[in-house]
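Notes follow once the structure below has been shown.
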Amino acid sequence: MNTPKYRRVVLKLSGEALAGDRGYGISSDVIGSLASQIKEITELGVQVAVVVGGGNIWRGIQGSSRGIDRATADYMGMLATVMNSLALQDALERMDVPTRVQTSIEMRQIAEPYIRRRAIRHLEKGRVVIFAAGNGNPFFSTDTTAALRAAEIEAEVILMAKNNVDGVYTADPGKDPTASKYETLTYLEILNKGLKVMDSTASSLCMDNNIPLIVFNISEPGNIRRVIMGEHIGTLVKGSM
Ligand code: UDP
């Protein structure tokens, strides 16, 4: 009963999840709570890789709508994810959780470059690995990065942590009172129905590589543990049909 369902996971934290209710910047309370939830699952022996977003600081699309070249704006977004990753590393290490940040764009003075085999080695040694700077390419998202890294490190599942949203709904529950939550979904349904779970590149990558995804509410403490122990919360997006 006390055995975790998963051995190796990718946890996708959007920038928003680090911002808390303010919606922007980094909340030290929120990041502390996230770090303690991550610590809890590492103590169960689960290998945890984290992909951190940057939307709480900068999004490429918003920058380009203000006239900045899209690729440049996206690089700025990738740098935002590095700031978030360092903040999370700091919070984890203050709780004595050994953590390595690996960046897809080299910045050796502050983090290791992304090296797949090295990342896996860290995980095997019980270190949390934070993947920063997306996948290093503009026109991608950190959701795509989560899908790519999960495939590369052979993670069994992607845990997509949402702020105050407890799964995937048929419509926006804030606007449509008839909206209902999906218990399970397939990537094909996400793509066909245009559901805003993750972008289509990320969905396709997960579908092609048969990686399941669980969308759940991170704002409720203990939820990462519940998911890891196999409790059905949120929405499960099945890898295969
Ligand atoms: N980004 C990118 N390539 C990547 C990952 C991210 O160009 O591989 C940029 C993109 O501009 C994006 C920003 O970084 O808007 C922040 O990432 P994202 O929007 O995925 O963060 P989240 O929504 O999870 O906070």
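Identify all residues within the range 163-195 that are open to solvent by 60 Å² or more (accessible area, probe 1.4 Å) and either among the basic types (Lys, Arg) or on the phi > 0 side of the Ramachandran plot (or both); write none if there are none. If the condition is that a residue be open to solvent by 60 Å² or more (accessible area, probe 1.4 Å) and either among the basic types (Lys, Arg) or on the phi > 0 side of the Ramachandran plot (or both), then Asn164, Lys175, Lys181, Lys193 are the ones that fit. Looking across the range 30-67, the residues that are closer than 19 Å to His122 by Cα and assigned to a helix (DSSP H, G or I) come down to Ala35, Ile38, Lys39, Glu40, Ile41, Thr42. Within the range 54-66, residues that are closer than 13 Å to Leu18 by Cβ sit with their Cβ atoms under 8 Å from residues that are part of a loop (DSSP other than H, G, I, E, B) and open to solvent by 70 Å² or more (accessible area, probe 1.4 Å), at 6+ positions apart or across chains, in these pairs: Asn56/Tyr24; Ile57/Tyr24. So is Ala151 away from the ligand (no atom under 15 Å from the Cβ), open to solvent by 10 Å² or more (accessible area, probe 1.4 Å), within 20 Å of the chain's Cα centre (by Cα) and at pLDDT 95 or above or not? It is false that Ala151 is away from the ligand (no atom under 15 Å from the Cβ), open to solvent by 10 Å² or more (accessible area, probe 1.4 Å), within 20 Å of the chain's Cα centre (by Cα) and at pLDDT 95 or above. Do you know which residues across the range 162-216 are among the aromatic types (Phe, Trp, Tyr) and assigned to a loop (DSSP other than H, G, I, E, B)? Across the range 162-216, the qualifying residue is only Tyr182. The requirement of being open to solvent by 20 Å² or more (accessible area, probe 1.4 Å), under 26 Å from Val30 (Cα atoms) and not polar (S, T, N, Q) is not satisfied by Arg117.
For (1) within 15 Å of the ligand (Cβ to nearest atom); (2) without any contact (Cβ under 8 Å) to a residue 40 or more places away in the chain; (3) more than 19 Å from the chain's Cα centre (by Cα); (4) outside any strand (DSSP E or B), each residue gets a yes or a no:
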{"residue": "Met78", "(1), (2), (3), (4)": "yes, no, no, yes"}
{"residue": "Leu88", "(1), (2), (3), (4)": "yes, no, no, yes"}
{"residue": "Ile105", "(1), (2), (3), (4)": "yes, yes, no, yes"}
{"residue": "Arg117", "(1), (2), (3), (4)": "no, yes, yes, yes"}
{"residue": "Val129", "(1), (2), (3), (4)": "no, no, no, no"}
{"residue": "Asn135", "(1), (2), (3), (4)": "yes, yes, no, yes"}
{"residue": "Phe139", "(1), (2), (3), (4)": "yes, no, no, yes"}
{"residue": "Asp143", "(1), (2), (3), (4)": "yes, no, no, yes"}
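Let's see how each residue does on (1) surrounded by 23 or more Cβ atoms within 10 Å (Cβ to Cβ); (2) more than 8 Å from the ligand (Cβ to nearest atom); (3) closer than 16 Å to Leu11 by Cα; (4) among the charged types (D, E, K, R):
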{"residue": "Ser65", "(1), (2), (3), (4)": "no, yes, no, no"}
{"residue": "Arg70", "(1), (2), (3), (4)": "no, yes, no, yes"}
{"residue": "Ala73", "(1), (2), (3), (4)": "no, no, no, no"}
{"residue": "Met83", "(1), (2), (3), (4)": "no, yes, no, no"}
{"residue": "Met95", "(1), (2), (3), (4)": "no, yes, no, no"}
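Exactly one residue out of Ile224, Ile158 is part of a strand (DSSP E or B) and closer than 16 Å to Val10 by Cβ, and it is Ile158.
The values are calculated or read from the model by the stated rules, or taken from the named source; none is laboratory data. As the structure is a computational prediction, the values presented were derived from the model and not from experiment. Neighbour counts are summed over all protein chains in view; Cβ atoms, including those assigned to glycine, are modelled from backbone coordinates with ideal geometry. We work out accessible area using only protein heavy atoms, side chains counted, and drop any ligands, DNA or RNA first. Shrake-Rupley method; radii C 1.70, N 1.55, O 1.52, S 1.80 Å.
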